[in-house]
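Notes for the one structure printed next.
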Amino acid sequence: MTSAEGQADGLEWAVSGSALDGEASGDLHLVIPGVDPARPQSLLAVMDGLGHGHDAQLASVECAAILKSQVGAPLLDLVQRAHEGLRSTRGVAMTLALLDPERGRLEWVAVGNVEGLVIHQGLLGAPRRDAVVQRGGVVGYRLPPLKVSEVALTPGDVIVLATDGIKSAFSEKLELSIPVRDLADDIRQRFGKGTDDALVLVARYRGGGA
């Protein structure tokens, strides 16, 4: 079982995951708070090593190490450097998001089937959703043409990154006001397929930075 939580400038986050074999999960998250006080952007990443088990885990761990070594690089550069560094592995599906709390903006890009949603809690009516554009491909094997997209955020918006071990219907009937720790666990428990590794990262945008 994977469980973690924390805070960074302008957001709070939590992750919940499980391994198909109960031991080695190929699904991995990474949260790197902004290191530049002038622009404290935070990087959110979820990686899904192809298949499951030890080899899938190795690919995701190597990908996380590459991302950590390139802190501050633009998103497309991060994808390219991970792609070059993972050629000897199974490769990963991956969604990267860069959150700028001062501007209230989220930039993101996806390769493969790690789903990304921003759920906007409106005062009236049903929540509105923005989804990352998922391009078919594998980081470390074949990259599709990629373009970074941007989403405007308002305080209270919820960001969810989920591997394909989570059913795509997870965004329906969520209680968005509960703590992110509980929300991550709820998504995994109710929507985990049980036939693959599964991981969900939930972050709530608080706005304005520290």
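The values are calculated or read from the model by the stated rules, or taken from the named source; none is laboratory data. Quick caveat: nothing in here was measured; it's all calculated off a predicted structure. Don't worry about glycine lacking a Cβ; one is built from the backbone with ideal geometry, like all the others, and counts go over all protein chains shown.
A few comments on the model shown:
- Against the numbered list (1) surrounded by fewer than 21 Cβ atoms within 10 Å (Cβ to Cβ); (2) modelled with pLDDT of 95 or more, Gln7 comes up short only at (2).
- Region 113-130, subset exposed (fewer than 15 other Cβ atoms within 10 Å of the Cβ) and among the small types (Gly, Ala, Ser), residue modelled with the lowest pLDDT: Gly125
- Count of region 26-45 residues, restricted to those that are out of contact with any Gly (no Cβ under 6 Å at 6 or more places or on another chain) and either crowded, with 24+ Cβ neighbours inside 10 Å or in a strand (DSSP E or B) (or both), is 8.
- The single condition among (1) at positive phi; (2) in contact with a Leu (Cβ under 7 Å, 6 or more places away or on another chain) that Gly112 does not meet is (2).
- Flag if Ser60 is closer than 28 Å to Asp186 by Cβ and among the polar types (S, T, N, Q): yes
- Once region 199-210 is narrowed to residues that are at pLDDT 95 or above and hydrophobic (A, V, I, L, M, F, W, C), the residue that is farthest from Ala8 (Cα to Cα) is Leu199.
- Within region 121-151, restricting attention to residues that are assigned to a strand (DSSP E or B) and over 17 Å from the mean Cα position of the chain (by Cα), the residue that is nearest to Asp48 (Cα to Cα) is Arg142.
- Candidate set from region 132-177 (those that are over 26 Å from Asp196 (Cα atoms) and of a type in the set (S, T, N, Q)); member that is modelled with the lowest pLDDT: Ser177
- Number of positions in region 178-193 that are part of a loop (DSSP other than H, G, I, E, B) and either free of Cβ contacts under 8 Å to residues at least 40 places away in the same chain or in contact with a Gly (Cβ under 6 Å, 6 or more places away or on another chain) (or both): 2
- Residues located in region 46-75, provided they are on the phi < 0 side of the Ramachandran plot and either in a loop (DSSP other than H, G, I, E, B) or among the charged types (D, E, K, R) (or both): Asp48, Leu50, His52, Asp55, Glu62, Lys68, Gln70, Val71, Ala73, Pro74
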